[in-house]
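Take a look at the structure set out below.
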Amino acid sequence: MSRVETLIRDMTLAEKLGQLTMTASSYAVTGPVIAGDSTESIKDGTLGNLLNMVGADHVFEMQRLAVEGSRLRIPLLIGLDIIHGHRTLFPVPLAEAALFDPQAWTLTAREAATEAAADGLAMTFAPMLDVSRDPRWGRGVEGFGEDPWLGARMAEAKVRGFQGSDLSAGNSLAACAKHFCAYGAVTAGREYAAVDISERALHEVHLPPFAAAIASGVATVMPSFTDLAAVPMTAHVALLRGWLREEHAFDGVIVSDYNAIAELINHGIAADLVDAATLALKAGVDIDMMSDAYRRGLPKALERGLVTMAQIDTAVRRVLTLKEKLGLFEDPYRRGGTAEAPAAIANRRQVARSVGARAIVMLKNEKDTLPLARPMRCLAVIGPLADAPAEMGGAWGAAQNAEDHVSVVAGVRAALPQVEILHTAGVGIQSGDQHGISKALELCTQADEILLCVGEAANMSGEAASRAHLGLPGEQRGFAEAVLEHAKALGKRVIVVVFSGRPLVVPWLFEKADAVLAAWFLGSEAGNAIADVVTGRVSPSGRTPITWPRDTGQIPIFFGQRPSGRPANPQDHFTSKYLDTPNEPLFPFGHGLTYGRFVLSNLRVTPDCVTESGIIEICVDVSNAGARGAQETVFLFTRDPVASVTRPLLELKGFGKIALEPGATGTVTLQLPAAELRFLGLELKRVFEPGEVELLVGPCADRSQLLVKSVRLSG
Ligand code: GLC
């Protein structure tokens, strides 16, 4: 008999329920802490999993209690939210998505896994795969933006990176596809609010990244806090048992979100913990994170015949099997047994710096204001985010040492040792204090160039951080306007660096600034990464993975919208538009300037007719007509103008990159399997429909900037 079956045979009910329970140590509180002494429970075998514990010494102490002190010596599974790095932070996921580079996404996950495993951890609650098209919602920062195809690519890359090729290896973590699903569609962008979307949107938009994660072998899945069309995800039998376990053959562990099982009572589908535990177990949730509903509710549910011991055993089997796959039975001290070499940590910082620079999206660059490559005696680096290392980590900083992050001031000082760097914050990030503005204006008078660093605090995005107003917080607008006006009067240019976990709605800033860099939250090496781009050592190549609204009133705004029967027409009153703002976003998906100037031409598509099994080849010539070398990203969209259902105005199907020196021309070649043009027909089943499909190639999701060719699909 296998180890797992032997254990199940020998375990008491309390020990079984212990394996289905995960409680938090006090290291990093990521939700309402529910008291309870985990050490006693570990010793008597009634607690099998922990979260929020960091440090091999602490982890080993807990593991020893389990594997040397408890009756059945079952090792603990210990996890943490390693969302974008462990101690070394990489850019937040929304920023990383801007690289459009799956290899980089895998690399940072691999680095994070190695660093976290060296701290004794075996699981991360990542990647977060929620499609986000509503910047009012704070958690978009944790994901990859608005597009499901991009999300699927990110899912594949992150699972590969976190789990490696061998889940039992000492530097592999069990990944967790979360939050299953459609959490990003919360009503009005309000955190934890209800979700009510069409079945089509669910299958076309929100599920594909999870399907990709499962196909990539993700070890665990976490249902979202939210309900979906009146069924809370933590009890959603149709999606957890039906879609996840049966249709997609997911046999890994489903771990609830923090206290989510008990919150079924608040949702109004459970009268008490017994009900809540019953609903969750029957839906297929294996581990109860932090609500203690399983330990307190399932014994009674069992007595009342609401659940069976077989159902409990099935969950325990999956948890023990995961621990076996992780190698925890073989060697519970494998992770954390060896400290990392300083060279490995130094190299990781270099990766963070390089990925950080590539995550920066240059939104505007009037008259080649950037790079700052002209002679300069004195540079003013002002604003509340200029010398704010603790903010650079962004949301979900895990085990970061926030003071270790490189600030903009520090990065610029290191990059420009011969330049005098003047700094003042001017105003607080959210405070009402405006006393520093006059000092800031003085520094602008003294300086040759001005770098203005504004934006959100790290905690203004992430969980429980929805915003109804998407401007600059606090008194930053007044401050920025004063700086811009003063600089204009002095005939000086202003480079604005915007820090945020979402697109900000600040059209006035983009209009008045000479250059704007979206720096999101770039992690440990933020200041160096920004300095690399500002000084021209690195040409910006980031492209925004999310649409930047012109007005909050346009939200939700995204490129994959469906057509209207009355498409916008300024000459015709009765068409799809607003009375008080244009339909177009401020910056479309994929927008991002470089230090080159790229021109696309000569789009060719072969063959011009293809069957479902065929491959379409798309080639486009790219020239750099600029004065500096740079890397261009070319996107491939499709548009199906006539089909059995209405089809999105644009669908992302691929991208390519090319680096070109000034004056050079190259060709980007993309392959598109015709099968990728299948879509969900009237019955929500995949269909391949004969007819013309447009292939659109260009720098962003703005049709006016795309080259178009058609291909005919034949049955
Ligand atoms: C939080 C988040 C989830 C996280 C979990 C553990 O509330 O919703 O993303 O993984 O709790 O920290």
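Could you check residue 547 against (1) in contact with a Phe, Trp or Tyr (Cβ under 7 Å, 6 or more places away or on another chain); (2) free of Cβ contacts under 8 Å to residues at least 24 places away in the same chain and say which number it fails?
For residue 547, the exception is condition (2).
Going residue by residue through region 126-134, is there one that turns out to be part of a loop (DSSP other than H, G, I, E, B), under 28 Å from residue 344 (Cα atoms), at pLDDT 95 or above and aliphatic (A, V, I, L, M)?
yes
Criterion first (free of Cβ contacts under 8 Å to residues at least 60 places away in the same chain, farther than 18 Å from residue 550 by Cα and among the polar types (S, T, N, Q)) does residue 476 satisfy it? Spell out the reasoning first.
On the way: free of Cβ contacts under 8 Å to residues at least 60 places away in the same chain: no; farther than 18 Å from residue 550 by Cα: yes; among the polar types (S, T, N, Q): yes.
It is false that residue 476 is free of Cβ contacts under 8 Å to residues at least 60 places away in the same chain, farther than 18 Å from residue 550 by Cα and among the polar types (S, T, N, Q).
I want to confirm something. Restricting to region 665-709 and keeping residues that are among the polar types (S, T, N, Q) and in contact (Cβ under 8 Å) with a residue 40 or more places away in the chain, which single residue is surrounded by the most Cβ atoms within 10 Å (Cβ to Cβ)? Steps first, answer last, please.
Applying the first criterion (among the polar types (S, T, N, Q)) to region 665-709 yields 665, 667, 669, 671, 704-705.
Then drop every residue that is not in contact (Cβ under 8 Å) with a residue 40 or more places away in the chain, which leaves 665, 667, 669, 671.
Details: 665: 14, 667: 12, 669: 12, 671: 12.
Step by step, filter region 665-709, then rank; the result is 665.
Of the residues that sit in region 268-306 and are of a type outside the set (D, E, K, R) and surrounded by fewer than 21 Cβ atoms within 10 Å (Cβ to Cβ), which one is nearest to residue 79 (Cα to Cα)?
Ranking the qualifying residues of region 268-306, first place goes to 299.
Within region 237-266, work out how many residues are surrounded by 15 or more Cβ atoms within 10 Å (Cβ to Cβ), more than 17 Å from residue 174 (Cβ to Cβ) and among the charged types (D, E, K, R).
3
Within region 49-73, work out how many residues are of a type outside the set (Lys, Arg), part of a loop (DSSP other than H, G, I, E, B) and modelled with pLDDT of 90 or more.
Within region 49-73, residues that are of a type outside the set (Lys, Arg), part of a loop (DSSP other than H, G, I, E, B) and modelled with pLDDT of 90 or more number 5.
If a residue must be closer than 22 Å to residue 160 by Cα and either in a loop (DSSP other than H, G, I, E, B) or in contact with a strand residue (DSSP E or B) (Cβ under 7 Å, 6 or more places away or on another chain) (or both), how many such residues does region 215-246 contain? Steps first, answer last, please.
Just the residues of region 215-246 that are closer than 22 Å to residue 160 by Cα, to begin with: 215-223, 244-245.
Checking which are either in a loop (DSSP other than H, G, I, E, B) or in contact with a strand residue (DSSP E or B) (Cβ under 7 Å, 6 or more places away or on another chain) (or both) leaves us with 216-223, 244.
So the count comes out to 9.
For residue 168, state whether it is under 30 Å from residue 334 (Cα atoms) and surrounded by 17 or more Cβ atoms within 10 Å (Cβ to Cβ).
Taking the combined requirement at face value, the residue does not satisfy it.
Where in region 648-701 are the strands (runs of 3 or more DSSP E), entirely inside, with at least 2 residues that are within 26 Å of the chain's Cα centre (by Cα), of a type outside the set (S, T, N, Q) and not assigned by TED's automatic domain parsing to the domain that holds residue 612?
none
Within region 114-131, work out how many residues are in contact with a Lys or Arg (Cβ under 7 Å, 6 or more places away or on another chain) and either near the ligand (Cβ under 10 Å from one of its atoms) or not aliphatic (A, V, I, L, M) (or both).
Matching residues across region 114-131 total 7.
It is to be established whether one or more residues within region 479-497 are in contact with a Pro (Cβ under 7 Å, 6 or more places away or on another chain), within 29 Å of residue 420 (Cβ to Cβ) and in the same structural domain as residue 403 (by TED's automatic domain parsing).
no
Among the numbered conditions (1) in a strand (DSSP E or B); (2) over 26 Å from the mean Cα position of the chain (by Cα), tell me where residue 637 comes up short.
(2)
Any chance you could count how many residues in region 577-588 are surrounded by 15 or more Cβ atoms within 10 Å (Cβ to Cβ) and among the β-branched types (Val, Ile, Thr)?
The number of residues fulfilling the criteria is 0.
Of all residues being surrounded by fewer than 17 Cβ atoms within 10 Å (Cβ to Cβ) and among the β-branched types (Val, Ile, Thr) in region 591-612, which is farthest from residue 679 (Cα to Cα)? Just the residue, please.
Checked region 591-612; the qualifying residue farthest from residue 679 (Cα to Cα) is 599.
Given the options 55, 85, 79, name the one that is more than 16 Å from the ligand (Cβ to nearest atom) and either in contact with an Asp or Glu (Cβ under 7 Å, 6 or more places away or on another chain) or small (Gly, Ala, Ser) (or both).
Only one candidate qualifies: 55.
Do we have any residue at all in region 232-241 that's modelled with pLDDT of 95 or more, in contact with a His (Cβ under 6 Å, 6 or more places away or on another chain) and assigned by TED's automatic domain parsing to the domain that holds residue 181? Outline the logic, then answer.
Applying the first criterion (modelled with pLDDT of 95 or more) to region 232-241 yields 232-241.
Now restrict to residues that are in contact with a His (Cβ under 6 Å, 6 or more places away or on another chain): 232.
From what is left, the residues that are assigned by TED's automatic domain parsing to the domain that holds residue 181 are 232.
Yes, there is a match, as at least one residue in region 232-241 is modelled with pLDDT of 95 or more, in contact with a His (Cβ under 6 Å, 6 or more places away or on another chain) and assigned by TED's automatic domain parsing to the domain that holds residue 181.
Kindly establish whether residue 169 is hydrophobic (A, V, I, L, M, F, W, C), away from the ligand (no atom under 16 Å from the Cβ) and part of a helix (DSSP H, G or I).
No, not satisfied.
Mind checking which pairs have a first residue in region 246-268 that is within 16 Å of the ligand (Cβ to nearest atom) and a second that is assigned to a loop (DSSP other than H, G, I, E, B) and among the hydroxyl-bearing types (Ser, Thr, Tyr), Cβ under 6 Å, 6 or more apart or different chains?
If the second residue must be assigned to a loop (DSSP other than H, G, I, E, B) and among the hydroxyl-bearing types (Ser, Thr, Tyr), the pairs left are 259/291; 261/291; 262/291.
Among (1) more than 16 Å from the ligand (Cβ to nearest atom); (2) part of a helix (DSSP H, G or I), where does residue 271 come up short?
(2)
Have a look at 387, 404 and point out the one that is under 30 Å from residue 25 (Cα atoms) and of a type in the set (D, E, K, R).
Selected residue: 404, the only one of 387, 404 that is under 30 Å from residue 25 (Cα atoms) and of a type in the set (D, E, K, R).
Search region 132-158 for residues being in contact with a strand residue (DSSP E or B) (Cβ under 8 Å, 6 or more places away or on another chain) and of a type in the set (A, V, I, L, M), and hand back the single one that is farthest from the ligand (Cβ to nearest atom). Spell out how you get there, then give the answer.
Going residue by residue through region 132-158, those that are in contact with a strand residue (DSSP E or B) (Cβ under 8 Å, 6 or more places away or on another chain) are 139, 142-143, 147, 149-150, 155.
Add one more test, that the residue is of a type in the set (A, V, I, L, M), and what stays is 150, 155.
Values: 150: 20, 155: 15 Å.
So, considering only residues that are in contact with a strand residue (DSSP E or B) (Cβ under 8 Å, 6 or more places away or on another chain) and of a type in the set (A, V, I, L, M), the one farthest from the ligand (Cβ to nearest atom) is 150.
Can you spot a residue in region 197-220 that is on the phi > 0 side of the Ramachandran plot, within 16 Å of the ligand (Cβ to nearest atom) and touching a Pro at 6+ places or on another chain (Cβ under 9 Å)? First the steps, then the outcome.
Taking region 197-220 as the starting set, the residues that turn out to be on the phi > 0 side of the Ramachandran plot are 217.
Still in the list and also within 16 Å of the ligand (Cβ to nearest atom): none.
No, region 197-220 has no match at all.
Can you confirm whether region 694-713 contains a residue that is more than 23 Å from residue 559 (Cβ to Cβ) and among the hydrophobic types (A, V, I, L, M, F, W, C)?
no
Only one residue in 574, 559 is among the aromatic types (Phe, Trp, Tyr) and either outside any loop (DSSP other than H, G, I, E, B) or loosely packed, with under 13 Cβ neighbours inside 10 Å (or both). Which one? Reasoning before the result, please.
Numbers: 559 fails: either outside any loop (DSSP other than H, G, I, E, B) or loosely packed, with under 13 Cβ neighbours inside 10 Å (or both).
Step by step, each of 574, 559 is checked, and only 574 is among the aromatic types (Phe, Trp, Tyr) and either outside any loop (DSSP other than H, G, I, E, B) or loosely packed, with under 13 Cβ neighbours inside 10 Å (or both).
The values are calculated or read from the model by the stated rules, or taken from the named source; none is laboratory data. The structure displayed is predicted, hence computed values, not measured ones. Note: ideal-geometry Cβ built from the backbone for every residue, glycine included; neighbour counts use all protein chains shown.
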